[in-house]
Amino acid sequence: MSSSAAAVSLPTGFSVLTTFPDLLFIPEFVFGGLVWILVASTKVAVPLLQGWVMFVSVFCFTLSTLLMCLYFCGAHGGKSSWIAVDAFYHSMAALFYLSAAVLQASATYAARGGELKTYQEDIAAVVFAFLATLMYVIHKGFSLLRWKSS
């Protein structure tokens, strides 16, 4: 049985920044970094909840950086197993960020009677956490499609 479809593979070099869904690494970095900065700069009202938010933002920022660097240098070698790794990572990151965004929203709601500046930073962290979640969900969806096609 012959296949007329082209082989699906991960990009290498600077094509990582020009191919979809890998282009989404950039907004994931930006929104995830903003969540990290905003949560770290505020008074932590609920350590358990916001500790998870910090873990998720640092974990996803670090692993996304690692994956992007590996894609840049072509460490995957065109192997289809890396497509599965990409799909698995973005699925887990989307789930983690969704939980972190909901917990940050809960912590923000609980701290609504406090200092205005801290409350505004918490609101910004919630917005950027949900935007990061959206980026990871979109990346996850297209990574799963790429994995299914490989």
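Within the stretch 57-66, which residues are in contact (Cβ under 8 Å) with a residue 24 or more places away in the chain and either open to solvent by 10 Å² or more (accessible area, probe 1.4 Å) or in contact with a His (Cβ under 8 Å, 6 or more places away or on another chain) (or both)?
Restricting attention to the stretch 57-66, the residues satisfying the condition of being in contact (Cβ under 8 Å) with a residue 24 or more places away in the chain are 57, 59-61, 63-65.
Those that are in contact (Cβ under 8 Å) with a residue 24 or more places away in the chain and either open to solvent by 10 Å² or more (accessible area, probe 1.4 Å) or in contact with a His (Cβ under 8 Å, 6 or more places away or on another chain) (or both): 59, 61, 63, 65.
Only one of 94, 110, 75 is out of contact with any His (no Cβ under 9 Å at 6 or more places or on another chain) and touching a residue at least 24 places away in the same chain (Cβ under 8 Å). Can you tell me which?
Numbers: 94 fails: out of contact with any His (no Cβ under 9 Å at 6 or more places or on another chain); 75 fails: touching a residue at least 24 places away in the same chain (Cβ under 8 Å).
Being out of contact with any His (no Cβ under 9 Å at 6 or more places or on another chain) and touching a residue at least 24 places away in the same chain (Cβ under 8 Å) holds for just one of 94, 110, 75, which is 110.
Could you grab me the full set of residues in the stretch 7-21 that are open to solvent by less than 40 Å² (accessible area, probe 1.4 Å) and either touching a strand residue (DSSP E or B) at 6+ places or on another chain (Cβ under 6 Å) or in contact (Cβ under 8 Å) with a residue 60 or more places away in the chain (or both)?
10, 11, 13, 21
Tell me the residue from 99, 149, 91, 143 that is modelled with pLDDT under 95 and either open to solvent by 10 Å² or more (accessible area, probe 1.4 Å) or over 17 Å from the mean Cα position of the chain (by Cα) (or both), please.
On the way: 99 fails: modelled with pLDDT under 95; 91 fails: modelled with pLDDT under 95; 143 fails: either open to solvent by 10 Å² or more (accessible area, probe 1.4 Å) or over 17 Å from the mean Cα position of the chain (by Cα) (or both).
Exactly one residue qualifies, and that residue is 149.
Every residue in the stretch 24-56 that is open to solvent by 70 Å² or more (accessible area, probe 1.4 Å) and under 18 Å from the mean Cα position of the chain (by Cα), please.
26, 30, 36, 37, 52, 55
Out of 75, 105, 132, 125, which single residue is within 30 Å of residue 149 (Cβ to Cβ), open to solvent by less than 40 Å² (accessible area, probe 1.4 Å) and aliphatic (A, V, I, L, M)? Break it down stepwise before answering.
Details: 75 fails: open to solvent by less than 40 Å² (accessible area, probe 1.4 Å); 105 fails: within 30 Å of residue 149 (Cβ to Cβ); 125 fails: within 30 Å of residue 149 (Cβ to Cβ).
132 is the lone residue from the list that is within 30 Å of residue 149 (Cβ to Cβ), open to solvent by less than 40 Å² (accessible area, probe 1.4 Å) and aliphatic (A, V, I, L, M).
For residues that are touching a residue at least 12 places away in the same chain (Cβ under 8 Å) and among the polar types (S, T, N, Q), tally how many sit in the stretch 78-91.
Count: 2.
The values are calculated or read from the model by the stated rules, or taken from the named source; none is laboratory data. Being a predicted model, the structure only gives us computed values, none of them experimental. Cβ: placed from backbone, ideal geometry, glycine included. Neighbour counts: every protein chain shown. Just the protein is used for accessible areas: all its heavy atoms, side chains included, with ligands, DNA and RNA removed. Shrake-Rupley method; radii C 1.70, N 1.55, O 1.52, S 1.80 Å.
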